[in-house]
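**Q** Please see the structure below; I have some questions.
The values are calculated or read from the model by the stated rules, or taken from the named source; none is laboratory data. The model shown is predicted, which means the values in this text are computed figures rather than measured ones. All Cβ positions, even for glycine, are placed from backbone atoms using ideal geometry, and neighbour counts span all protein chains on display.
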Amino acid sequence: MTDKIVDAFTRALVDVDRLAAKQIVQNRGHDASPVKFAEDVVLPALESIGAGWQAGTFALSQVYMAGRICEDLIDQILPPEDPDRKNQPKMAICILSDHHKLGKIIVYSFLRASGFDLADYGVMEVDDLVEQVQKDSIEILLISVLMLPSALKIKAVKQKLDRLRCDVKLIVGGAPFRFDDRLWKTVGADAMCRDASDAVSVIENIMKGMA
Amino acid sequence: MNQTSVTSMQRVLTTLGHREPDRVPFFLLATLHGAKEVGLPIKTYFSDPANVVEGQMRLLAKYRHDCIYSFFYAPVEIAAFGGEVIFTDDGPPNSGEPVIKKTGDIKNLAVPDVKNTPCLEKVLTATHRLKERVKDTVPIIGVVMSPFSLPVMQMGFDRYFDLMYDKPDLFAHLMQVNQAFCVEWANAQLAAGATAICYFDPVSSTTITTRDMYLKTGFTVAGQTLAKINGPTATHMASGRCLPIIDDIAGTGTAAVGVSCHEDIALVKNACRGKLTVIGNLNGIEMCRWSSEDAENHVKAVIAKAGAGGGCILSDNHGEIPFQVPDDVLMAISEAVHTWGRYPLD
């Protein structure tokens, strides 16, 4: 039954059919808590769309719209600050040294639609980012980039955080990392995401290591 | 054909005609390496057309490739619309805050006057001087952003998607403005001496939009725009995938297509056969850490998969070589195409 719901929800998302997606959320039944619905339906649908983008069967426009629709729907049934949102480490996301926001917006939407909460730092430069991360005691930092020079600056972020003895896990993503699957190690990241839905499993793996 | 007696122009025209020239043509689409060649910071380099002319000529002599790339940087068009260009020391200039801050701004967007916009005049001056230097021996490739892809820099990707899906009237108006600019800008470059125009259209790739959406938007825009450009064009997907829309791209009237390294160039070549020349598809990002042997192997693979029968130009997959790619890798690519790209290939 859940598989059929996931399939129908996925279809609604890739067709950018907000009404059909909303209908599925509303029909979820009283015994399905928002968190359980996010885990059982929303996340698998977003993972399937993310995997489809990597394989070339879905387009970035569909990934983006799916994230936005899900984020809105989940916010309605599971508002920010709701105690049911996942017990999680302190996380933040930013764009490094760039004005291309799309990747960050999609990852932010996917994570929030999957029940996570995280700070959105917007566009940051290296020194400001390091200062903010230290000030907020961030444990997991997600950095999105589009351009190669921005990706290479992550190395400086890592070095400065290490120097300050900040115990932060760095997760990176964006075009340069998809075109060179060794680059994330070169810049000193702890993990990379090939698409937005990867971020959920990468964070869950890091959380297991922290437990 | 004998390799030494054939000019780059003849080599490229032959392959565009889907015949085999003396060897596979090689487009080194390098902009920033010109600054390295003349020993200037990137911002200084692009401030004077004389630097770009010198940089391109030195690159041509050094790497023995088959085109001049009169492209400066993508946000030159954003500067023409009144936007900000951010220079860095180690990468291509980037566009700053979007010029369209809210969707309502689209109604007031004016078409830039190409002939009276200093940043564009510099490109035209460089193109004219490069033409004086190479005459008709080497094709000069000018560049425009497609009207359909330019909004990513004008307003940001996210708000552009929202516009495409939710505000068709404003989308149509933006396309009209951008088309008028694109046609005038392309034709000014051709008049200045460009041989052909590279029409960068990554948003049309299936990496970014669905085929259904493309047929309603980017395809129509490309067909209308390319028909008004007074010279040959090549459509470049700037690393985006295009295999599912190859026939559609051919239907826009373009002569060639820039192909992603995420696609098998053999499959793309088969789909393009007799209709489009394939340009590609070396991975520019990975290239930063290639050895000379890696470079040679990648070049050999592209030639083996796509070289037969002409209709193939060896190049990177993005249309711009990253600044971090070492000179010896570029040299190894050049050596490899000169060694392994000679026809007949076997």
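**Q** Please enumerate the residues belonging to segment B:273-291 that are more than 13 Å from chain A (Cβ to nearest Cβ), within 18 Å of the chain's Cα centre (by Cα) and either under 20 Å from A:Leu152 (Cα atoms) or outside any strand (DSSP E or B) (or both).
**A** B:Leu276
**Q** Also: Any idea which of B:Ile86, B:Ile100 is β-branched (Val, Ile, Thr) and surrounded by 19 or more Cβ atoms within 10 Å (Cβ to Cβ)?
**A** B:Ile100
**Q** Considering each residue of segment A:54-68, count those that are surrounded by 24 or more Cβ atoms within 10 Å (Cβ to Cβ) and more than 7 Å from chain B (Cβ to nearest Cβ), and give that number.
**A** 3
**Q** Here is a further query. On the basis of being in the same structural domain as A:Ala38 (by TED's automatic domain parsing), surrounded by 24 or more Cβ atoms within 10 Å (Cβ to Cβ), of a type outside the set (Gly, Ala, Ser) and over 22 Å from A:Ser33 (Cβ atoms), does A:Val107 make the cut?
**A** no
**Q** When you scan segment B:46-88, how many residues do you find that are in a helix (DSSP H, G or I) and out of contact with any helix residue (DSSP H, G or I) (no Cβ under 9 Å at 6 or more places or on another chain)?
**A** Total satisfying the criteria: 1.
**Q** Can you tell me which residue within segment B:45-65, out of those that are of a type in the set (S, T, N, Q) and in contact with a Phe, Trp or Tyr (Cβ under 7 Å, 6 or more places away or on another chain), is surrounded by the most Cβ atoms within 10 Å (Cβ to Cβ)?
**A** Only one residue fits best here, namely B:Gln56.
**Q** Moving on. Any residue in segment B:169-184 that is surrounded by 23 or more Cβ atoms within 10 Å (Cβ to Cβ), within 14 Å of chain A (Cβ to nearest Cβ) and under 17 Å from B:Phe71 (Cα atoms)?
**A** No: zero hits.
**Q** Taking B:Arg273, is it closer than 24 Å to B:Thr217 by Cα and of a type in the set (Lys, Arg)?
**A** In short, no.
**Q** I've got another one for you. Let me confirm something: among B:Ala295, B:Ala304, B:Ala271, which residue is touching a residue at least 40 places away in the same chain (Cβ under 8 Å), of a type in the set (A, V, I, L, M) and over 23 Å from B:His33 (Cβ atoms)?
**A** B:Ala304
**Q** Return the pairs, sorted by first residue and then second, in which the second residue is of a type in the set (Lys, Arg) and assigned to a strand (DSSP E or B), the first residue lies in segment A:137-154 and is in the same structural domain as A:Ile106 (by TED's automatic domain parsing) and more than 19 Å from B:Ile321 (Cβ to Cβ), the beta carbons are less than 6 Å apart, and the residues are 6+ apart or on different chains.
**A** A:Ile140/A:Lys169
**Q** Checking the conditions here, which among B:Thr88, B:Thr103, B:Thr127 is closer than 19 Å to B:Glu54 by Cβ and polar (S, T, N, Q)?
**A** B:Thr127
**Q** Next question, about the same structure. Limited to segment A:155-193, what total is found for residues that are within 14 Å of chain B (Cβ to nearest Cβ) and surrounded by fewer than 16 Cβ atoms within 10 Å (Cβ to Cβ)?
**A** Residues in segment A:155-193 being within 14 Å of chain B (Cβ to nearest Cβ) and surrounded by fewer than 16 Cβ atoms within 10 Å (Cβ to Cβ): 5 in total.
**Q** If you don't mind, there's one more thing I want to ask. For segment B:249-270, which residues satisfy the criterion of being more than 18 Å from the chain's Cα centre (by Cα) and more than 14 Å from every other protein chain (Cβ to nearest Cβ)?
**A** B:Gly251, B:Ala266, B:Lys269, B:Asn270
**Q** Still on this structure, I have one more. Checking the structure you have, find out if any residue of segment B:308-327 is touching a residue at least 40 places away in the same chain (Cβ under 8 Å), out of contact with any Lys or Arg (no Cβ under 6 Å at 6 or more places or on another chain), surrounded by 20 or more Cβ atoms within 10 Å (Cβ to Cβ) and assigned to a helix (DSSP H, G or I).
**A** no
**Q** Here is a further query. Are there helices (runs of 4 or more DSSP H) fully within segment A:98-211 with at least 1 residues that are among the acidic types (Asp, Glu)? List them.
**A** Correct list: A:126-136, A:148-163, A:196-210.
**Q** Continuing with the same structure: Report yes if some residue within segment A:36-50 is part of a loop (DSSP other than H, G, I, E, B), under 26 Å from B:Phe157 (Cα atoms) and within 14 Å of chain B (Cβ to nearest Cβ); otherwise report no.
**A** no
**Q** Looking only at residues that are out of contact with any Lys or Arg (no Cβ under 9 Å at 6 or more places or on another chain) and β-branched (Val, Ile, Thr) in segment B:213-248, which one is farthest from the other protein chains (Cβ to nearest Cβ)?
**A** For segment B:213-248, the residue satisfying everything is B:Ile229.
**Q** Could I ask something else about it? Determine whether A:Leu164 is touching a residue at least 12 places away in the same chain (Cβ under 8 Å), in contact with a helix residue (DSSP H, G or I) (Cβ under 7 Å, 6 or more places away or on another chain) and more than 30 Å from B:Glu286 (Cβ to Cβ).
**A** Spelling it out, A:Leu164 is indeed touching a residue at least 12 places away in the same chain (Cβ under 8 Å), in contact with a helix residue (DSSP H, G or I) (Cβ under 7 Å, 6 or more places away or on another chain) and more than 30 Å from B:Glu286 (Cβ to Cβ).
**Q** Yes or no: segment B:52-73 includes at least one residue that is of a type outside the set (Lys, Arg) and within 14 Å of chain A (Cβ to nearest Cβ).
**A** Yes, there is a match, as at least one residue in segment B:52-73 is of a type outside the set (Lys, Arg) and within 14 Å of chain A (Cβ to nearest Cβ).
**Q** Something else about it: Kindly provide the set of residues from segment B:89-118 that are part of a loop (DSSP other than H, G, I, E, B), closer than 29 Å to B:Lys131 by Cα and within 14 Å of chain A (Cβ to nearest Cβ), ordered by number.
**A** Of everything in segment B:89-118, those that are part of a loop (DSSP other than H, G, I, E, B), closer than 29 Å to B:Lys131 by Cα and within 14 Å of chain A (Cβ to nearest Cβ) turn out to be B:Asp89, B:Asp90, B:Gly91, B:Pro92, B:Pro93.
The rows are residues; the columns are (1) more than 12 Å from every other protein chain (Cβ to nearest Cβ); (2) under 19 Å from B:Gly104 (Cβ atoms); (3) at pLDDT 95 or above; (4) touching a His at 6+ places or on another chain (Cβ under 6 Å).
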| site | (1), (2), (3), (4) |
| --- | --- |
| B:Leu130 | yes, no, yes, no |
| B:Arg133 | yes, no, yes, no |
| B:Asp136 | yes, no, yes, no |
| B:Pro139 | yes, no, yes, no |
| B:Gly142 | yes, no, yes, no |
| B:Met145 | yes, no, yes, no |
| B:Pro151 | yes, yes, yes, no |
| B:Asp162 | no, yes, no, no |
